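The values are calculated or read from the model by the stated rules, or taken from the named source; none is laboratory data. If you're wondering where the values come from, they're calculated on a predicted model, not measured in any experiment. With ideal geometry, Cβ positions are generated from the backbone for all residues, glycine too; neighbour counts draw on all protein chains shown. The area values use the complete protein model at the heavy-atom level, side chains included, leaving out ligands, DNA and RNA. Shrake-Rupley method; radii C 1.70, N 1.55, O 1.52, S 1.80 Å.
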Amino acid sequence: MGLFREFLDRESPQGRLIAIGGRSLVNFASNDYLGLAASGTLIQAAQSATAEFGAGGGAARLLAGGAVLHGELERAAASFMGAPAALLFNSGYHANAGAIPAIAGHGDAIFSDELNHASIIDGCRLSKAETFIYRHADASHARQLLEKSGARRKLIITESVFSMDGDLAPLDGLHELAASSGAMLYVDEAHAIGVLGGGRGGLRHFGLTPGAHVVQMGTFSKALGSYGAFIAAGTDAAGWLRNAARTFIFSTALPPGPVGASLAALKLIGSDAGAALMARLWENREMLFEGLRKAGFETGPTRTPVIPVLFDGVGDALRASHGLREAGFYAPAIRPPTVMRPRLRLQVSAAHTRADTESLLEAMKKLHK
Ligand SMILES: Cc1ncc(COP(=O)(O)O)c(C=O)c1O
């Protein structure tokens, strides 16, 4: 059926150009939105953290796994996000799979967007809370479901930038709903950190900050070019997660290398150089989005550098992806069951040149014919 998953490994670092199968391809497939994954600054920071603290974590954080660098990254993340506290997790997946069941349990109710990421779905399943799925990005449907629920504790969970469609959650409406109904709001900012709100994510874009009733999950693995994740929240919530999130307690701490790289990345996105990269990312995004729109491609409700090009059949998406590879671009097809409609998910980066975007558009137009 054309649905069996296979992958091709790179023979080069992540970046604007990647080598695959002995060919150099312009990369429209990675979440390295700011082109930081192979930046000299991050590599150097990872190298010096590794030289100072070693290659491996060696133990869970609660045992001997954390270096002073881990605490430094938590303070830096909390301060950058404007939150009282932050706790590191080994990945976004660990964060969602661990924090959600630590916050909501038997007798509680979770209200989850129908397009939330697999790691959120798994966190909900592990929680044993009753989970209600509201229609995508529909705060009034979430309100209807919330008003019907007599649960002791209520948790609303959404991505801020949806990873497969690139649209935004109505965080203003969901925040208002949470505040007026005594619910907690949990926002997965994996695709918004380093992209929106001056790099601080969707909450900041809507003028909101993480705190006692607003939990922010952010990753270092996408725009920040490194690896790992954080939960930014109130001091009590962070302390509770340290004691109750099983993926935090029972897994070896992040190795020092990525922690050092993440610290350097946070510093960078808070600087003028970071602001310039974000401006570049958005210029590239507008150019590709407008070009695709004018050429008549169906791009769904995207408002961010995640640009899906939708196809009706799996075969069409696979043919488009192969056609682009022949033309020198890497953009694998994303198919059911990951998404309902097959697509090319074009990931824009600040590292792309105008010529990259122009020639991708030319190649896309040829596919269309
Ligand atoms: C919305 C969302 N949440 C969480 C994750 C998981 O993050 P990580 O790759 O750091 O495990 C991803 C990445 O695939 C994602 O897209």
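Filter region 15-33 for residues that are of a type in the set (S, T, N, Q) and in a loop (DSSP other than H, G, I, E, B); which is nearest to residue 359 (Cα to Cα)? Can you show your working first?
Narrowing region 15-33 to residues of a type in the set (S, T, N, Q): 24, 27, 30-31.
Checking which are in a loop (DSSP other than H, G, I, E, B) leaves us with 30-31.
Values: 30: 18, 31: 20 Å.
Across region 15-33, the extreme among qualifying residues is 30.
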*Taking interchain pairs and intrachain pairs at least six residues apart, which have beta carbon atoms under 6 angstrom, with the first residue in region 143-158 and closer than 23 Å to residue 203 by Cα and the second surrounded by 15 or more Cβ atoms within 10 Å (Cβ to Cβ) and among the acidic types (Asp, Glu)?*
153/108; 158/113
*Consider only pairs whose beta carbons are under 7 Å apart and that are at least six residues apart or on different chains; among these, list those whose first residue lies in region 1-15 and is under 23 Å from residue 315 (Cα atoms) and whose second residue is in a loop (DSSP other than H, G, I, E, B).*
3/335; 3/336; 8/21
*Have a look at 165, 108, 138 and point out the one that is in contact with a Ser or Thr (Cβ under 9 Å, 6 or more places away or on another chain), at pLDDT 95 or above and open to solvent by 10 Å² or more (accessible area, probe 1.4 Å).*
165
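When you go through 292, 281 one by one, which is the residue that is more than 16 Å from the ligand (Cβ to nearest atom), in contact with a Ser or Thr (Cβ under 6 Å, 6 or more places away or on another chain), closer than 26 Å to residue 115 by Cβ and open to solvent by less than 10 Å² (accessible area, probe 1.4 Å)? Before the answer, list the steps.
Values: 281 fails: in contact with a Ser or Thr (Cβ under 6 Å, 6 or more places away or on another chain).
Result: 292 is the single residue among 292, 281 that is more than 16 Å from the ligand (Cβ to nearest atom), in contact with a Ser or Thr (Cβ under 6 Å, 6 or more places away or on another chain), closer than 26 Å to residue 115 by Cβ and open to solvent by less than 10 Å² (accessible area, probe 1.4 Å).
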*Applying the selection to region 111-132, what residues are within 16 Å of the ligand (Cβ to nearest atom), open to solvent by 70 Å² or more (accessible area, probe 1.4 Å) and in contact with an Asp or Glu (Cβ under 8 Å, 6 or more places away or on another chain)?*
117
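Quick test for you: out of 36, 73, 88, pick the one residue that is in contact (Cβ under 8 Å) with a residue 40 or more places away in the chain and either assigned to a loop (DSSP other than H, G, I, E, B) or among the charged types (D, E, K, R) (or both). Outline the logic, then answer.
Values: 73 fails: either assigned to a loop (DSSP other than H, G, I, E, B) or among the charged types (D, E, K, R) (or both); 88 fails: either assigned to a loop (DSSP other than H, G, I, E, B) or among the charged types (D, E, K, R) (or both).
The conditions single out 36.
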_Condition met for residue 49 (of a type outside the set (Phe, Trp, Tyr), closer than 24 Å to residue 154 by Cβ and assigned by TED's automatic domain parsing to the domain that holds residue 259)_ = no
*What residue, of 179, 169, is over 11 Å from the mean Cα position of the chain (by Cα), free of Cβ contacts under 8 Å to residues at least 60 places away in the same chain and within 12 Å of the ligand (Cβ to nearest atom)?*
169
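Tell me yes or no: at least one residue of region 256-267 is open to solvent by less than 50 Å² (accessible area, probe 1.4 Å) and of a type in the set (Val, Ile, Thr). Working first, answer last.
Pass one, region 256-267, residues open to solvent by less than 50 Å² (accessible area, probe 1.4 Å): 256-266.
From what is left, the residues that are of a type in the set (Val, Ile, Thr) are 259.
Taking every residue of region 256-267 in turn, at least one turns out to be open to solvent by less than 50 Å² (accessible area, probe 1.4 Å) and of a type in the set (Val, Ile, Thr).
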*asked:* Against the condition among the aromatic types (Phe, Trp, Tyr), crowded, with 20+ Cβ neighbours inside 10 Å and in contact with a Pro (Cβ under 6 Å, 6 or more places away or on another chain), how does residue 28 come out, does it pass?
replied: no
